[in-house]
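Presented below is the structure to which this report refers.
No value in this document is a laboratory result; all are computed from the given coordinates. Worth saying up front: this structure is predicted, and the values here are computed from it rather than measured. We place every Cβ from the backbone using ideal geometry, glycine too, and count neighbours over all the protein chains shown.
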Amino acid sequence: MKLRTKFSLLIAVLVVFLLLITTVVLFVFEKSSLIKEISQKQIVMVGNLGKVSRDCLMRKDFIFLINYLKTIKGSDEIVSFALFTDERNKVLAHTDPEFIRETLTDEFSQRAFESDTIILRNFQTKTGEKIIEYAAPVKFASDRIGTARIGFSTDIIDSNISSALSDVRKRILTAGILSFAVGLLVIFLISASIVKPVRLLTRGAELIGEGKLDTKINLKTGDEFALLAEKFNWMSAKLKELDEMKRDFTSSVTHELRSPLGAIETYINKMLDGGEDGFRETGVSDLFIMKNNAARLARFIDDLLDAAKIESGRMEVDAEFFKLLPVVGDLAEFFTPQAAKKDVEIAVHITRNLPAVYADKERVRQVFINLISNALKFTPSGGKITVSASFKKPSDFVNILVKDTGEGIPAQDLKYIFDKFRQVKGGKQSVKGTGLGLFIVKSIVELSGGSIKVESVVGKGTQFNLTLPVKKR
C-alpha cells in the first residue's frame, strides 16, 4: 500500500472519528438543552399559576381560576392536570371537576404547602401515565394561603424531545456528510503536498546510490521537509567530499608507495646490471638512499597503523618525565640538512631550566617530526621555522609553539586541519601526503593530557600551540 493511500486512510478514519465524537457531543448537548428549556418552562408555568391563584383567591373569583386552569391544559399538550389547594390542602380549582373540594392528605401535598420554594415529584397514575408534578407555595404577605400545582406528562415530554432530537440528528448528519466530503478533498490536497517531497527525497537517495553525488534537492516548503532536504543536501556534499578525499588518499598512498619503491628498485637494478662489479661499485651514498626510502616506507606504514589504533581506541602512551630540549634539539639537527637545501632556518628557543614534561617521549618525538616536516614542506626559500617553549606558575602545563613563515592555511580550512585524510595545502603549491600526520599529532597530544590549536594567516605563516603536562595525571 502506498504512503499516500495509508495517509489518506488514516486521516479519513480520524475525520470519521471526530465527526462521530462531535455528533455525540452535539446530540447530548442538544438533549440537555431541551430538557433544561422544558424544565424552566414548567417552573414559569407553575409560578404564574401561583400568582393568578393568589389574585383570584383575594377576589373570590374561582370561576376565572378554573377557566385559567383549563386554558393552561388546553394550550400545551404536555400538561396533564392543574389545580389549586387552600391552606388545608382542599382543592378549590382543578382541571378535572371531580377533584374539586377534595382534601389531599398525601405527604407531597403537605410538604408542598410548607415549602418555601417550588418542589417536584415523579409518579405514575392509575391509568399508567407517568407524571412529573411541580408545586409552588402561594403566599399573601407572609401568610401561606395555598399551593399551585401542575402535572406534566413525562411520556409526551419524552416524545417531544425525541422528535426534536430526530430533527437535530438529521441536521447533524447533513452537516457531517458535507464536512466529510470537504475533509476528503482536504485530505487529498494535504497528502499530495506531503507525498511530493517524499518522492523527491526518495529519488534523490536513489541518485546518490547510483553514485551521482552532485544530486541536490530543492524544496522551499518552509517546513520539516525543507529542513530534511537541507540536511540531505548537506549529506550529499559530505559524501562528495569524502569521495574526493578517498581519491586523494588513494593517489597519495600510490605516490607514497611508488616513490620510495621506485628509488630502491632503480639502485637495485643498477647493482644487478653491473654484475659483481656493480655490487663492488655501489657507493655508501646509494645504500643510504635505499635505506632512507625504506625508512620512508616504514614511517608511512607506521602512520597507517597508528591511525588504525587511534580509531579503535587501542593506542597506548608510555608516559615518563623528560626534558624537551634534547628531543627538539636532536630533531632540529636532523632536519637541518633538508632545511639548508631550501635555505630555511630552524631555530630552537627552549631553556635548560624548563620543567620536564610528563608524556610518552617517543610519541612526543613523533609529534615534533610531523610538525617540523610539515613546516618544511610549506616554508619557501629564505623562510624560518621556530620551536619555542615556556612555563609559568601556577600552570600545570608547558606551552609549546611551532611556528613557520610559510604560505599559511586558508581560514575556511583551519577547522578541518586535524581531520583524518585532510592534507595541509598551501596557497601556491600542492605537496603529496597521506593526510594522517596532523590527525595523529592531535591524538597523541590529547592522549598525553595536553591540547593543540592552530593559527594561520595566508601569506604570513602558521603557528601550532601545544600544551603538555608537567605533572602526572
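Couple of notes before you dig in:
- Stokes-Einstein translational diffusion, the stretch 3-160 - Kirkwood Rh over all Cα pairs, 1.002 mPa s, 20 °C, in µm²/s: 120 µm²/s
- Pairwise Cα separations in the stretch 102-196 fall into 10 Å bins from 0 onward with the following percentages, short to long: 13, 24, 17, 13, 11, 10, 8, 3, 0.
- Cβ crowding within 10 Å, taken as a proxy for footprinting-reagent exposure, orders Met315, Met58, Met45 from fewest neighbours to most as Met58, Met315, Met45.
- Normalised by 2.2 N^0.38 Å, where N is the number of residues, the alpha-carbon radius of gyration of the stretch 73-231 equals 2.37.
- Interchain or long-range residues, amide H under 5 Å from Phe418's placed H: none
- Cut-off under 5 Å, modelled amide H: who pairs with Tyr358 long-range: Val470, Lys471
- Per residue, the convex hull spanned by the Cα atoms of the stretch 316-469 amounts to 107 cubic angstrom.
- For the stretch 85-243, the relative contact order comes to 12 percent (Cα pairs under 8 Å, sequence separation of at least 6).
- Relative contact order computed over the stretch 316-469 (Cα-Cα under 8 Å; 6+ residues apart), in percent: 24 percent
- Phi angles of the stretch 100-105 translate, via the Karplus equation with coefficients 6.51, -1.76, 1.60 and θ = phi - 60°, into HN-Hα couplings of 5, 6, 7, 9, 8, 10 Hz per residue; Gly and Pro are given as x.
- Links that overshoot a 24 Å alpha carbon limit, given the list Lys238/Lys460; Lys392/Lys460; Lys309/Lys442; Lys377/Lys415; Lys342/Lys453: Lys238/Lys460; Lys392/Lys460; Lys342/Lys453
- Rounded, prolate or oblate (a/c below 1.5 giving rounded, otherwise prolate when a/b exceeds b/c) for the stretch 37-100 by Cα gyration tensor: prolate
- 3J(HN,Hα) from dihedral phi, the stretch 203-220, Karplus parametrisation 6.51/-1.76/1.60, rounded to Hz, x for glycine, proline: 5, x, 5, 5, 5, 4, x, 7, x, 8, 6, 7, 4, 10, 10, 9, 10, 10
- Residue exposure sequence - Glu316, Glu446 - by fewest surrounding Cβ within 10 Å: Glu316, Glu446
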